[in-house]
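Structure first, commentary second.
The values are calculated or read from the model by the stated rules, or taken from the named source; none is laboratory data. All values reported here derive from a predicted model rather than from experimental measurement. Here Cβ is always computed from backbone atoms with ideal geometry, including for glycine, and neighbour counts include all displayed protein chains. Protein only, heavy atoms only, side chains kept; ligands, DNA and RNA dropped before computing areas. Shrake-Rupley method; radii C 1.70, N 1.55, O 1.52, S 1.80 Å.
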Amino acid sequence: MSSQHYFSASPEGPFTRRRVEVTLDGRPVAVNTAGGIFSPEGVDKGTAVLLKHAPDPAATGNLLDIGCGWGPIALVLAMRSPEATVWAVDVNERSRTLCAENAAALGLSNVRVMAPGDIPSDLHFDTIWSNPPIRVGKQALHDLLEHWLPRLQPGGAAWLVVQKNLGADSLLGWIGEMLGGAAGEFRSDRAETSKGFRLLRIARS
């Protein structure tokens with residue numbers, strides 16, 4: 001990643017779109033990416049693990065992709081659950097632009113791309129999928145997850161993919177502690193390990 005980090009709200013440098021061929025949910029597609037965002041070369045390894053191993057999202061309701069980048073997770077959510085509304089959020093405005101363009105190009109009209117602060121505060125989610133930005137720093141990551149994970153609907157589940165050697169197990173422990181005060185409503189566990197990544201599951205009873 002260049003010095004223009006994908007955590008920036010407004011990446012510096014030219015916004016030059018690049019066409020990339022990828023496979024999403026078994027479907028070969030061409031998408032737009034660019035510099036200054038996460039994984040501009042295509043679907044990163046962690047996201048690929050999540051897309052392969054996470055069960056199908058809720059068929060209806062509101063689904064959330066935290067840190068959408070150019071859109072691989074949000075696009076697959078929309079493909080698998082065409083009757084649901086997919087909320088794709090990212091602080092990086094370039095990522096949001098690309099995600100919206102890619103959704104429109106694929107005819108996925110159920111994707112809504114927004115900055116995190118623009119999501120209605122009373123909105124709760126039936127499914128959350130995310131490859132969270134581990135490298136943003138521990139406190140910022142905790143703040144991010146503490147904001148979104150409690151907004152699971154009863155009966156909903158979140159699926160997070162985290163690299164094992166970047167603290168997946170300790171993060172899972174923190175998530176359990178953070179949500180533990182909610183009268184036993186939440187449970188969290190390690191659902192899968194693949195290619196050096198953990199797939200973490202957080203469910204609300």
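Over segment 89-161, what portion of Cα pair distances is larger than 22 Å, expressed as a whole percent?
Of all Cα-Cα distances in segment 89-161, 28 percent exceed 22 Å.
Across segment 14-59, the fraction of Cα-Cα pairs farther apart than 16 Å, rounded to a whole number, is 47%.
Computed from backbone phi with θ = phi - 60° and the Karplus coefficients 6.51, -1.76 and 1.60, the 3J(HN,Hα) list for segment 116-129 is x, x, 8, 6, x, 5, 9, 7, 10, 10, 7, 9, 10, 10 Hz; x is used for glycine and proline. 3J(HN,Hα) along segment 19-29: 7, 10, 8, 9, 10, 10, 6, x, 10, x, 9 Hz, from the Karplus curve 6.51 cos²θ - 1.76 cosθ + 1.60 with θ = phi - 60°, whole Hz, x for Gly and Pro. These residues, Asp25, Asp65, go from largest to smallest accessible area, 1.4 Å probe, as Asp25, Asp65. Note on Ala105/Glu177: beta-carbon distance plugged into 1/(1 + (r/R0)^6) with R0 of 45 Å gives a FRET efficiency of 0.60. With a cut-off of 10 Å between beta carbons, the residues surrounding Ser205 carry a summed charge of +1, where Lys and Arg count +1 and Asp and Glu -1. In terms of overall dimensions, the C-alpha atoms belonging to segment 113-205 reach 35, 29, 21 Å along their principal axes, ordered largest to smallest. Carbon-plus-sulfur accessible fraction, segment 144-200 (probe radius 1.4 Å, protein heavy atoms only): 46%. Each peptide among 165-173, 135-143, 89-97, 67-75 gets the average number of other Cβ atoms lying within 10 Å of its residues, and from highest to lowest they stand as 67-75, 89-97, 165-173, 135-143.
Computed from phi, the 3J(HN,Hα) profile of segment 89-98 under the Karplus parametrisation 6.51, -1.76, 1.60 (θ = phi - 60°) reads 10, 7, 6, 7, 5, 5, 4, 4, 4, 5 Hz, with x in place of Gly and Pro.
When only the Cβ of Lys, Arg, Asp and Glu is charged (+1, +1, -1, -1), the dipole of segment 60-181 relative to its Cα centre reaches about 280 debye. Each 5 Å bin from zero up to the one holding the largest Cα-Cα distance in segment 1-112 carries the following percent of pairs: 2, 13, 24, 25, 20, 10, 4, 1.
Could you work out the relative contact order of segment 100-205, using alpha carbon pairs under 8 angstrom and six or more residues apart, expressed as a whole percent? Once normalised by length, the contact order is 25 percent. Would you compute, from DSSP H runs of 4+ residues alone, the mean residue ellipticity of the chain at 222 nm, taking -39500 (n - 2.57) per run and dividing by the full residue count, rounded to the nearest 500? Helices in the chain give a 222 nm mean residue ellipticity of -8000 deg cm²/dmol.
In a fully extended conformation the segment linking Glu93 and Ala9 would gain 29.7 nm over its present Cα-Cα distance, using 0.36 nm per residue. When all protein chains stay in place and ligands, DNA and RNA are ignored, the 1.4 Å accessible-area order of Ser121, Ser81, largest first, is Ser121, Ser81. The mean of 1/r over all pairs of different alpha-carbon atoms in segment 146-191, once inverted, gives a Kirkwood hydrodynamic radius of 11.4 Å. Please compute the net charge surrounding Ser121, taking Lys and Arg as +1 and Asp and Glu as -1 over other residues with Cβ under 15 Å from its Cβ. That sum, taken over residues with Cβ under 15 Å, equals -2. Across the chain, the relative contact order, built from alpha-carbon pairs under 8 Å that are at least six residues apart, equals 17 percent. Placing +1 on each Lys and Arg Cβ and -1 on each Asp and Glu Cβ, with no other charges, gives the chain a dipole about its Cα centre of roughly 500 debye.
Amide H contacts for Leu152 (H built 1.01 Å from N in the peptide plane; partners 5 or more residues away or on another chain; cut-off under 5 Å): Phe125. Over segment 1-133, accessible surface divided per residue gives 43 Å², non-protein components excluded, 1.4 Å probe. Could you estimate the translational diffusion coefficient of the chain from the Stokes-Einstein equation, with Rh from the Kirkwood formula over C-alpha pairs, at 20 °C and 1.002 mPa s, in whole µm²/s? The calculation lands on 126 µm²/s. Summing Lys and Arg as +1 and Asp and Glu as -1 over all other residues whose Cβ lies under 14 Å from the Cβ of Val162 gives a net charge of +4.
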